1. From the P(r) of the stretch 135-189, can you give the percent of Cα pairs sitting at distances over 12 Å?
2. Dividing the Cα radius of gyration by the Kirkwood radius, what Rg/Rh value follows for the chain?
3. I need the Debye-formula profile for the stretch 158-315: one equal scatterer per C-alpha, no solvent, reported as log10 I(q)/I(0) at q = 0.17 1/Å, two decimals.
4. Quick one: which of 196-202, 332-338, 282-288 comes out on top by average Cβ neighbours within 10 Å, and what's the full order, highest first?
5. Taking only Cα atoms, what is the 0 to 90° angle, nearest 10, from helix 80-90's long axis to the longest principal axis of the chain?
6. Quick one: Kirkwood hydrodynamic radius for the stretch 95-235, alpha-carbon pairs, angstrom, one decimal?
7. Rank 277, 369, 353 by mean-square fluctuation in a GNM of the chain with C-alpha springs under 10 angstrom and give only the top-ranked residue.
8. Report, in degrees rounded to the nearest 10, the 0 to 90 angle that the Cα long axis of helix 340-350 makes with the longest principal axis of the chain.
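Rule-based calculations on the coordinates, nothing more; no lab input. As the structure is a computational prediction, the values presented were derived from the model and not from experiment. Neighbour counts run over all protein chains shown; Cβ positions are idealised from the backbone, glycine included.
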């Protein structure tokens, strides 16, 4: 089912359905089963560990007072999570009370699909005020705000990102692993390329794959993937193409895909990759930090800002329209995203860069706060350097599909298996299969 079509179906279904507004629900009349839709255990772990009164029953069940909590977990593989969530939301109006979705989680790449529909409740309808969210980062709220300016989701995390580099390679090639010294070697993209050439001479790849830097460029675009129904390739996306082609041609990087085995080899001491790009969740949970032989197990990574500030990912909590547990949904959202004490707990225990300006500024100044995978470095000051410039106003409903298709198509160009024109044609074909209502993109000029 196409996303645009689904959004229209969702909106139509909700107009036709009789949904009790969240603000009209009496806490004493609320349901006794809280159904939560997720794709992994991340949110579950935070609720179990940081929500007062939660009692774990097993991996998919819990208790909050006399309410049974049911975790409906569907992995994201082959879009399975979104497909299952869509099916549940479309059945929401006619579902039995104990089967209704009460809360669901969404990611940045497809958040608009849900917050632009009527299936995600305005947080104001749950009694959550502007004062409650005053200390949250604006770009995080913007991502969950519909075209009418209505906030429909909250997150406990922000995800500003930075350049993550190997300390030992920095010492060998650049003479120091100090973040300020390394930053001078990656301060802008021209300097980054020059350093990549130096790394190659020393026997190292600058990055594991061309895709590593993609989100830095895509987070700094001035237009959307789709403009007036036509696929649009922003100038900064083409800047990534031009730089990546040069890097692949010169052996500074590869075309290994994110999360692939070849790409992940750089996480280990016998790898040859100088740097990756990512937020706190990336180096804490995705870089094999607790694996024998990894760089991270002995604190071998460090972070510096890199050529441009950007963000990557994030998870938002949405209250589902039609929930019969609105009071509990609201309390969970407030506790896990607005309560400064809970935010600080999550930051210190889980390592998340939490969505609270006051808490993160406090931790940035705390000399005792550090990350083991970074050799004890406190990364928060680095993240704070760029977070005020993050602007996600150019996201659109087509981001995930366009991004995936574009990177796949460009690898053919980078590897020399297609001209740029042929790669753009592959990209257009792939996107139009997903979104037949669109018009193909033009072929941009190459430097």
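1. On the way: 1072 of 1485 pairs.
Value for the stretch 135-189 (Cα pairs over 12 Å): 72 percent.
2. Working: Rg = 22.5 Å, Rh = 23.1 Å.
In the chain, Rg relative to Rh is 0.98.
3. Those come out to -0.99, one per q.
4. Working: 196-202: 16.6, 332-338: 22.7, 282-288: 18.6.
With the highest mean Cβ count within 10 Å placed first, the list reads 332-338, 282-288, 196-202.
5. So the inclination is approximately 30 degrees.
6. Working: mean 1/r = 0.0524 Å⁻¹.
One decimal place: 19.1 Å for the Kirkwood radius.
7. 369
8. Computed tilt is about 50 degrees.
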